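The values are calculated or read from the model by the stated rules, or taken from the named source; none is laboratory data. Here the structure is a predicted model, which is why all the values come from computation and not from measurement. Here the Cβ positions follow ideal geometry from the backbone for every residue, glycine too, while neighbour counts run over all protein chains shown.
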There are 2 protein chains.
Amino acid sequence: MTELKKITVAKGDGIGPEIMDATLEIMRSAGANIEIEEIEVGEKVYLAGNNTGIAKESWDVIRRNKVFLKAPITTPQGGGYKSLNVTTRKFLGLYSNVRPCMSLHPFIQTKHPIMDLVIIRENEEDVYGGIEHQQTDEVVQCLKLISRPGCEKIVRYAFEYAKQYERKKVTCFTKDNIMKQTDGLFHKVFKEIALEYPEIENEHWIVDIGAAKMADTPELFDVIVMPNLYGDILSDVAAQITGSVGLAGSSNIGEECAMFEAIHGSAPRIAGQNIANPSGLLQGAILMLNHIGQTEVAEKIQNAWLKTIEEGTHTYDIYKEGISKQKVNTKEFAAAVIRNLGQKPTILNAVSYAKGRPLNLPKYQRKTPQTKELIGVDMFVHHANIKPNELAAKITALDTENIKLSMITNRGVKVYPDGFDETFCTDHWRCRFQPVKDKTITKQQIIELLQKAEVFNIDTIKTENLYAFDGQPAFSLGQGQ
Amino acid sequence: MTELKKITVAKGDGIGPEIMDATLEIMRSAGANIEIEEIEVGEKVYLAGNNTGIAKESWDVIRRNKVFLKAPITTPQGGGYKSLNVTTRKFLGLYSNVRPCMSLHPFIQTKHPIMDLVIIRENEEDVYGGIEHQQTDEVVQCLKLISRPGCEKIVRYAFEYAKQYERKKVTCFTKDNIMKQTDGLFHKVFKEIALEYPEIENEHWIVDIGAAKMADTPELFDVIVMPNLYGDILSDVAAQITGSVGLAGSSNIGEECAMFEAIHGSAPRIAGQNIANPSGLLQGAILMLNHIGQTEVAEKIQNAWLKTIEEGTHTYDIYKEGISKQKVNTKEFAAAVIRNLGQKPTILNAVSYAKGRPLNLPKYQRKTPQTKELIGVDMFVHHANIKPNELAAKITALDTENIKLSMITNRGVKVYPDGFDETFCTDHWRCRFQPVKDKTITKQQIIELLQKAEVFNIDTIKTENLYAFDGQPAFSLGQGQ
C-alpha cells in the first residue's frame, strides 16, 4: 500500500467544479490513497480585490502539501489581473512543463493517427524572464537566459519521465547552430545526461527541421525535451494536431512543489450543465498519481479511460455519429470510467507505468566554480545618423595604452573594421574593447572607460563584460569577425 | 516591354548547374528580359582556400547587379567554412525572407490539400545577432534585439507582397503577451502599417496558438509575417506539411540587393544525371521576376508550371504510379513547361500577379528622436551560494542619498524584497537601482555605483540603463514587482 498523500485541490471556475468532482470520484474509486485539502483560487478571489487570484493562506496550503491539482479558472476581463499560472510557476520554481500528446484514432478524428509523444518544456528561463530594455530610439532588447542548473534539471526530468513511463527515446530540439553558447549549453547538457541513461535512445534535431518533422510525422517522436520558447510553441502544435486538445492534461514540476491541470480553459458557457468532458483534468490527475508514486492506480485509471473512449462512451464534445456509441454527460462519463476500472483497451494501446516508483528527482547539486578571467568589455552606445567609420573615429578616442576598440557591430553584424556599405545600421552599436598584446583588462579600467566616454559625450547605454572560463573565451564573435 | 535587367547567376554545386540551365531556358522562352552575369560560389571556392565560399570580385558583381539568382551549393565538411547564405544575408542587409508554401493536391501527396500560404520572415535581427555572453558559472545570455526599422521594413514588405500577389490577408504572429517590449514593438508596428492597406485584411495571433492552427488547418492563412525565430521554425513547418518541400523557392530581399533560390540543397548524389527536379529554383526565379517587375513573364511561367504538374509530367522525385502520367528527366520537364507557356492549369488554381509593378519598397525613413531620460540602472552581479536577503544586505550598502536598490531578480523573478523560499536561484542576479523620491540619476552616478561595488568586492558583470522615452518608462518590471 502506498503512503497516504495529502493534496491541495482547487475546483476553479466555469466547468471546473463539475470536472473536478468527476475526477476525484474516479480517483477514489480506483483506490488513490489521497486526502484532499481544498482552496479557493480564480475569479471570485480576483474580484474580491486580490490581483493574483489567490489568497496568502492558500499559498501556505499549496506550499505545505506540495502537490496541487487545479481545475481551470477564469481570469476576469480588464487590466491588472496577474496570471495565476505564471505566478505559481515562477514563484514555486516549477521548472518542468509536461504535455503528453496522444492521438486516439479512430475514435477521435486526426490527420495523424499514430501519435503518442510527450513534450517536456523548460518552464522558467529563456526569453520568459521578461527582462526587457529600450535604450535607443530604434532598438528594444530582451534577455534570453539559459542556465546550467535549468538545463540539467529539465533534461534529467525528461529521462526520468521516460523511465517511469517506459518510453524508448528522448529527443532534444535546440537552435545551437546559431546560438552556440545558450542553446549550445542546453545541447551539451543533454549529451552529458543522456550518457547516464544508456537504456534510452537519444537524439538531437535543430528545432526548425525537428518542428517540421514533428508537425508532419509525429510518429517519429517519443519524449521531446526543449528550452522554454520552442516548447511553448511546439507543445501547442503537438496538442492541436492530435485532434483532441480538449482531452489533454499537463503538469508543472518543481524541486519542492508540483501542479497538475487540464490544458483547456474554464468554458463558462457550458458551466453547471453536467455536460463537460472531465478527461483533460483526469489526465492531469494521472500525471499527479504517477508523480507521487501511486503508479498502479494511475495505470488502472488510464487503461479504464482508454477503454471508455474506445467503447464509444463519449461526451458531447467528442461525440460523432458513426463512431460514438452513446452520448453521456459528465457524471455518466465518470461512471463509465469507474465501471471500466480493471479493464484494458483492446484497440488503443494499453499503458504500463513503472510500478510504485515516484518521479522525484534529486535536488540540484551546485558545480565547483571555474576560474573566471576578465578579458574585455562590450560597451553599447546610442548614436543616430552616423556611419560606422565615423563612429569608430569617435570611439577609438577612448583607447588607452591597455585596451583598444577591436570591433563595432550593429545588430550583431561587424561594421568596423571592414564593414559593407549595404549593411543597414540602427542607432544601437556594440563597441568591443579588448586588451592590447601583453596587457590585461580590469574592472577599474572598464569604469575608467565609461568615465572617459562620459567626458567625450558618448551615450553609453549598457555594458557586457567578456570573460574566459577555465581559459576558454565564453562569448560570441561578431558576424564576420 | 520591361527594361532589360542584368542579373547575377551562380550555378552552384551538385545538381545546381542542371537545374539552373533548365530554369534559365524556361525564363528565356517565356520572354524574360534579362541578361546573365555568372559568378562562381560554393565548394570550389571554399576548397581553394576562401572560407566564405565567395571571392571578393564576385561580391562586387552581386553588389553591382543587385539581383542574384543562386543555385544550391555544397559547403565542404570540416570546420571553419562560413555559411554563404548567412554571410550574404547579413552583409547585404537582406531583411526579408519569403517562403511561399503551397499544396499541389491531388498531384502531390499531402495531409493538407487546401494550403497556399506565404511566410514572410524577418531575417536580420531577433536572437540571430549571435550576441552571446557567459558571465557567471551557471548562466549564459543571448541578446534578442528588435528594432523599429526592422519591424517597419518587414511588415511593409509583407503588405506590399500581398498587394503584388493579389492576396487577401496578412497575419502577424508574436509572443507579445510575454515579451511586451520586443514582440510588443513588432505587433504595434504591424497595427500601424496595416492601416495603410485597408483593402487587405489583417489579424494577429499569439505565436503558440497561431503555430498550432497553421500546422493543423493551414487553409486559414494567407500571408503570415513574423520575427526571425518564429519565422525560421514555422517556415520549415509550413514547407514540410505541403508535402512538396522539394518544389519550393524562396527570396531574401534587402533595400539594395536581393537573392533568389530553391529551398532544397545541392543533392550531390544525383548530380550530373539529368534527373533532378528544377521546380524549386524555378519558383525562386518566379519570385525574382515579380521582384523586378517582369510580372507578366512570372505569371506565364507559374501557370505553365502548374499546368505541367497537373498534366502529370513529373520528375522521379514526385512521380507516383496512378497519379503521374509520364516520368521525365530535367530537360524534358523544362521542355514541358516551355510547351505549356501561355496555358493555365484547370484543376489547380491559376495565378494572377499585379501587372508590371516591381516590388520595390521605399528606403527606410528615420523617425524624429524622442526625449530620452535616464531613470535607473540594472546592475548584474555574479554571486554563488547566497540567499537573496543576504545579497540584498550586501547590495544595499551601495545605496547613496540619490539612488537605492529597489529590487533583486533571479532569472527575472523578484526575490527581494518579499521573495519565496521555493524560487530556485542561480548565481546571476539583477540588482535594480532607482532614484529616491525627488532625486534623479545620472551617468556619473552609475559610474560611482560601479566604483563603489568594486570597493565592496561585488562582482559586477554587466549593466542595463533604464530609460523613459517621451516620459514613458521603457523597460519591464520584475515578475512579481
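Would you be able to tell me the number of residues in the stretch B:44-78 that are over 22 Å from B:Ile7 (Cβ atoms) and assigned to a helix (DSSP H, G or I)? Even if it seems obvious, please write down each step before you answer.
Taking the stretch B:44-78 first, the residues over 22 Å from B:Ile7 (Cβ atoms) are B:46-51, B:74-78.
Still in the list and also assigned to a helix (DSSP H, G or I): B:46-47.
The number of residues fulfilling the criteria is 2.
Looking for whichever is surrounded by fewer than 24 Cβ atoms within 10 Å (Cβ to Cβ), closer than 22 Å to A:Asn410 by Cα and either touching a residue at least 40 places away in the same chain (Cβ under 8 Å) or more than 10 Å from chain A (Cβ to nearest Cβ) (or both) here; the options are B:His133, B:His187. Which one fits?
On the way: B:His187 fails: closer than 22 Å to A:Asn410 by Cα.
Residue meeting the stated conditions: B:His133.
Only residues that are aliphatic (A, V, I, L, M) and facing another protein chain (nearest Cβ under 9 Å): list them for the stretch B:437-469, please.
As a first pass, look at the stretch B:437-469 and keep what is aliphatic (A, V, I, L, M): B:441, B:446-447, B:449-450, B:453, B:455, B:458, B:461, B:466, B:468.
Hits for the stretch B:437-469 are B:Ile446, B:Ile447, B:Leu450, B:Ala453, B:Ile461, B:Leu466.
Of the numbered conditions (1) out of contact with any strand residue (DSSP E or B) (no Cβ under 8 Å at 6 or more places or on another chain); (2) surrounded by fewer than 14 Cβ atoms within 10 Å (Cβ to Cβ), A:Gln451 fails exactly one; give the number of that condition.
Every condition holds for A:Gln451 apart from (2).
Identify, by number, the condition in (1) surrounded by 21 or more Cβ atoms within 10 Å (Cβ to Cβ); (2) within 25 Å of B:Lys153 (Cβ to Cβ); (3) hydrophobic (A, V, I, L, M, F, W, C) that A:Phe420 doesn't meet.
Status for A:Phe420: all satisfied but (1).
If you take the residues of the stretch B:171-184 that are in contact (Cβ under 8 Å) with a residue 60 or more places away in the chain and either closer than 27 Å to A:Pro113 by Cα or facing another protein chain (nearest Cβ under 9 Å) (or both), which of them is surrounded by the most Cβ atoms within 10 Å (Cβ to Cβ)? Steps first, please.
Quick first cut of the stretch B:171-184, residues in contact (Cβ under 8 Å) with a residue 60 or more places away in the chain only: B:173, B:180-181.
Those still in the list that are either closer than 27 Å to A:Pro113 by Cα or facing another protein chain (nearest Cβ under 9 Å) (or both) too: B:180-181.
Values: B:Lys180: 17, B:Gln181: 19.
Of everything passing the filter in the stretch B:171-184, B:Gln181 is surrounded by the most Cβ atoms within 10 Å (Cβ to Cβ).
In the stretch A:65-84, what count of residues is obtained for those that are within 14 Å of chain B (Cβ to nearest Cβ) and either touching a residue at least 40 places away in the same chain (Cβ under 8 Å) or more than 28 Å from A:Tyr161 (Cβ to Cβ) (or both)? Break it down stepwise before answering.
Quick first cut of the stretch A:65-84, residues within 14 Å of chain B (Cβ to nearest Cβ) only: A:65-68, A:75, A:79-84.
When the remaining residues are screened for being either touching a residue at least 40 places away in the same chain (Cβ under 8 Å) or more than 28 Å from A:Tyr161 (Cβ to Cβ) (or both), the result is A:65-68, A:75, A:79-82, A:84.
Number of matching residues: 10.
Using the structure shown, decide if B:Thr426 is touching a Pro at 6+ places or on another chain (Cβ under 8 Å) and within 8 Å of chain A (Cβ to nearest Cβ). Step through it out loud before you land on a result.
On the way: touching a Pro at 6+ places or on another chain (Cβ under 8 Å): yes; within 8 Å of chain A (Cβ to nearest Cβ): yes.
It is true that B:Thr426 is touching a Pro at 6+ places or on another chain (Cβ under 8 Å) and within 8 Å of chain A (Cβ to nearest Cβ).
Looking at the stretch A:222-245, which of its residues are out of contact with any helix residue (DSSP H, G or I) (no Cβ under 6 Å at 6 or more places or on another chain), on the phi < 0 side of the Ramachandran plot and crowded, with 19+ Cβ neighbours inside 10 Å? Write out each step before concluding.
Taking the stretch A:222-245 as the starting set, the residues that turn out to be out of contact with any helix residue (DSSP H, G or I) (no Cβ under 6 Å at 6 or more places or on another chain) are A:222, A:224, A:226, A:231, A:235, A:238, A:242-244.
From the residues that got through so far, the ones that are on the phi < 0 side of the Ramachandran plot too are A:222, A:224, A:226, A:231, A:235, A:238, A:242, A:244.
A:Ile224, A:Met226, A:Gly231, A:Ser235, A:Ala238, A:Thr242, A:Ser244 - these are the residues of the stretch A:222-245 that are out of contact with any helix residue (DSSP H, G or I) (no Cβ under 6 Å at 6 or more places or on another chain), on the phi < 0 side of the Ramachandran plot and crowded, with 19+ Cβ neighbours inside 10 Å.
What number goes with the only condition from (1) surrounded by fewer than 24 Cβ atoms within 10 Å (Cβ to Cβ); (2) more than 28 Å from A:His133 (Cα to Cα) that B:Glu203 does not pass?
B:Glu203 satisfies every listed condition except (2).
On the given criteria, is B:Thr400 touching a residue at least 60 places away in the same chain (Cβ under 8 Å) and either crowded, with 22+ Cβ neighbours inside 10 Å or at negative phi (or both)? So that I can check it myself, show each step before the final result.
Details: touching a residue at least 60 places away in the same chain (Cβ under 8 Å): no; either crowded, with 22+ Cβ neighbours inside 10 Å or at negative phi (or both): yes.
Considered against the rule, which asks whether it is touching a residue at least 60 places away in the same chain (Cβ under 8 Å) and either crowded, with 22+ Cβ neighbours inside 10 Å or at negative phi (or both), B:Thr400 comes out as no.
I need every pair where a residue in the stretch A:470-481 that is at the interface with chain B (Cβ under 9 Å from one of its Cβ atoms) has its Cβ under 6 Å from the Cβ of a residue that is outside any loop (DSSP other than H, G, I, E, B) and modelled with pLDDT under 85, sequence separation at least 6 or different chains.
From the stretch A:470-481, the pairs are A:Gln479/B:Lys90.
Can you pull out the residues in the stretch A:426-469 that are free of Cβ contacts under 8 Å to residues at least 24 places away in the same chain, more than 30 Å from A:Arg148 (Cβ to Cβ) and not acidic (Asp, Glu)?
Looking only at the stretch A:426-469, we keep the residues that are free of Cβ contacts under 8 Å to residues at least 24 places away in the same chain, and these are A:437-438, A:444, A:447, A:451, A:454-455, A:457.
Next cut, more than 30 Å from A:Arg148 (Cβ to Cβ) only: A:437-438, A:451, A:454-455, A:457.
Result: A:Lys437, A:Gln451, A:Val455, A:Asn457.
Which of (1) outside any loop (DSSP other than H, G, I, E, B); (2) modelled with pLDDT of 95 or more is the odd one out, the single condition A:Gly14 does not satisfy?
(1)
Take the residues of the stretch B:136-155 that are surrounded by 24 or more Cβ atoms within 10 Å (Cβ to Cβ), out of contact with any Leu (no Cβ under 8 Å at 6 or more places or on another chain) and more than 7 Å from chain A (Cβ to nearest Cβ): which is nearest to A:Lys414 (Cα to Cα)?
In this case the residue turns out to be B:Gly150.
Answer yes if at least one residue in the stretch B:268-277 is buried (at least 22 other Cβ atoms within 10 Å of the Cβ) and under 24 Å from B:Glu166 (Cα atoms), and no otherwise.
We begin by selecting, within the stretch B:268-277, every residue buried (at least 22 other Cβ atoms within 10 Å of the Cβ); these are B:276-277.
Still in the list and also under 24 Å from B:Glu166 (Cα atoms): none.
Checked the stretch B:268-277: no residue is buried (at least 22 other Cβ atoms within 10 Å of the Cβ) and under 24 Å from B:Glu166 (Cα atoms).
Tell me the strands (runs of 3 or more DSSP E) entirely within the stretch B:194-265 that contain at least 1 residues that are within 12 Å of B:Thr171 (Cβ to Cβ) and either within 11 Å of chain A (Cβ to nearest Cβ) or of a type outside the set (Gly, Ala, Ser) (or both).
Working: elements: B:201-206, B:223-226, B:249-254, B:258-262.
Answer list for the stretch B:194-265: B:201-206, B:223-226.
Would you please name the residue that is surrounded by the most Cβ atoms within 10 Å (Cβ to Cβ), looking only at residues in the stretch A:79-116 that are in a strand (DSSP E or B) and of a type outside the set (A, V, I, L, M)? Break it down into steps so the answer makes sense when it comes.
At the first step, the residues of the stretch A:79-116 found to be in a strand (DSSP E or B) are A:94-102, A:116.
With the extra rule that they be of a type outside the set (A, V, I, L, M), the set shrinks to A:95-97, A:99-101, A:116.
Values: A:Tyr95: 24, A:Ser96: 26, A:Asn97: 22, A:Arg99: 23, A:Pro100: 24, A:Cys101: 28, A:Asp116: 18.
Within the stretch A:79-116, the match that is surrounded by the most Cβ atoms within 10 Å (Cβ to Cβ) is A:Cys101.
Consider A:Gln365 against the criteria (1) more than 14 Å from every other protein chain (Cβ to nearest Cβ); (2) at pLDDT below 95; (3) surrounded by fewer than 20 Cβ atoms within 10 Å (Cβ to Cβ): it satisfies all of them except one. Which criterion is unmet?
(1)
Out of the residues in the stretch B:20-43 that are β-branched (Val, Ile, Thr) and assigned to a helix (DSSP H, G or I), which is surrounded by the fewest Cβ atoms within 10 Å (Cβ to Cβ)? Give the derivation first.
Residues of the stretch B:20-43 that are β-branched (Val, Ile, Thr), as a first pass: B:23, B:26, B:34, B:36, B:39, B:41.
Now drop any that are not assigned to a helix (DSSP H, G or I), which leaves B:23, B:26.
Numbers: B:Thr23: 28, B:Ile26: 25.
The selected residue is B:Ile26.
Filter the strands (runs of 3 or more DSSP E) completely within the stretch A:379-459 down to those with at least 2 residues that are β-branched (Val, Ile, Thr) and modelled with pLDDT of 95 or more. Can you show your working first?
Details: elements: A:403-410, A:413-416, A:428-435.
Fully inside the stretch A:379-459 and qualifying: A:403-410.
Quick check, is B:Gly49 among the small types (Gly, Ala, Ser) and surrounded by fewer than 18 Cβ atoms within 10 Å (Cβ to Cβ)? Write out each step before concluding.
On the way: among the small types (Gly, Ala, Ser): yes; surrounded by fewer than 18 Cβ atoms within 10 Å (Cβ to Cβ): yes.
Considered against the rule, which asks whether it is among the small types (Gly, Ala, Ser) and surrounded by fewer than 18 Cβ atoms within 10 Å (Cβ to Cβ), B:Gly49 comes out as yes.
Would you mention how many residues in the stretch B:57-103 are farther than 20 Å from B:Asn123 by Cβ and modelled with pLDDT under 90?
Selection size over the stretch B:57-103: 6.
Out of curiosity, is B:Phe433 at the interface with chain A (Cβ under 9 Å from one of its Cβ atoms), surrounded by 14 or more Cβ atoms within 10 Å (Cβ to Cβ) and either out of contact with any Ser or Thr (no Cβ under 6 Å at 6 or more places or on another chain) or closer than 22 Å to A:Tyr128 by Cα (or both)? Talk me through it step by step, then tell me what you get.
On the way: at the interface with chain A (Cβ under 9 Å from one of its Cβ atoms): no; surrounded by 14 or more Cβ atoms within 10 Å (Cβ to Cβ): yes; either out of contact with any Ser or Thr (no Cβ under 6 Å at 6 or more places or on another chain) or closer than 22 Å to A:Tyr128 by Cα (or both): yes.
Taking the combined requirement at face value, the residue does not satisfy it.
Which residues, taken from the stretch A:447-481, are over 24 Å from B:Gly129 (Cα atoms) and of a type in the set (Val, Ile, Thr)?
Hits for the stretch A:447-481 are A:Ile447, A:Val455.
Starting from residues that are more than 11 Å from A:Arg411 (Cα to Cα) and of a type in the set (Asp, Glu), keep the ones in the stretch B:109-130 and report whichever is nearest to the other protein chains (Cβ to nearest Cβ).
Quick first cut of the stretch B:109-130, residues more than 11 Å from A:Arg411 (Cα to Cα) only: B:109-123.
From the residues that got through so far, the ones that are of a type in the set (Asp, Glu) too are B:116, B:122.
Values: B:Asp116: 17, B:Glu122: 11 Å.
Among residues in the stretch B:109-130 that are more than 11 Å from A:Arg411 (Cα to Cα) and of a type in the set (Asp, Glu), the one nearest to the other protein chains (Cβ to nearest Cβ) is B:Glu122.
Return the residues of the stretch A:313-329 that are surrounded by 20 or more Cβ atoms within 10 Å (Cβ to Cβ) and within 30 Å of A:Leu94 (Cβ to Cβ); say none if nothing qualifies.
Going residue by residue through the stretch A:313-329, those that are surrounded by 20 or more Cβ atoms within 10 Å (Cβ to Cβ) are A:313-315, A:318, A:328.
Within the stretch A:313-329, A:Thr315, A:Ile318 meet the criteria.
Out of all the residues in the stretch B:408-423, which are within 16 Å of B:Asn385 (Cα to Cα), facing another protein chain (nearest Cβ under 10 Å) and touching a strand residue (DSSP E or B) at 6+ places or on another chain (Cβ under 9 Å)?
B:Thr409, B:Asn410, B:Arg411, B:Val415, B:Glu422, B:Thr423, listed by residue number.
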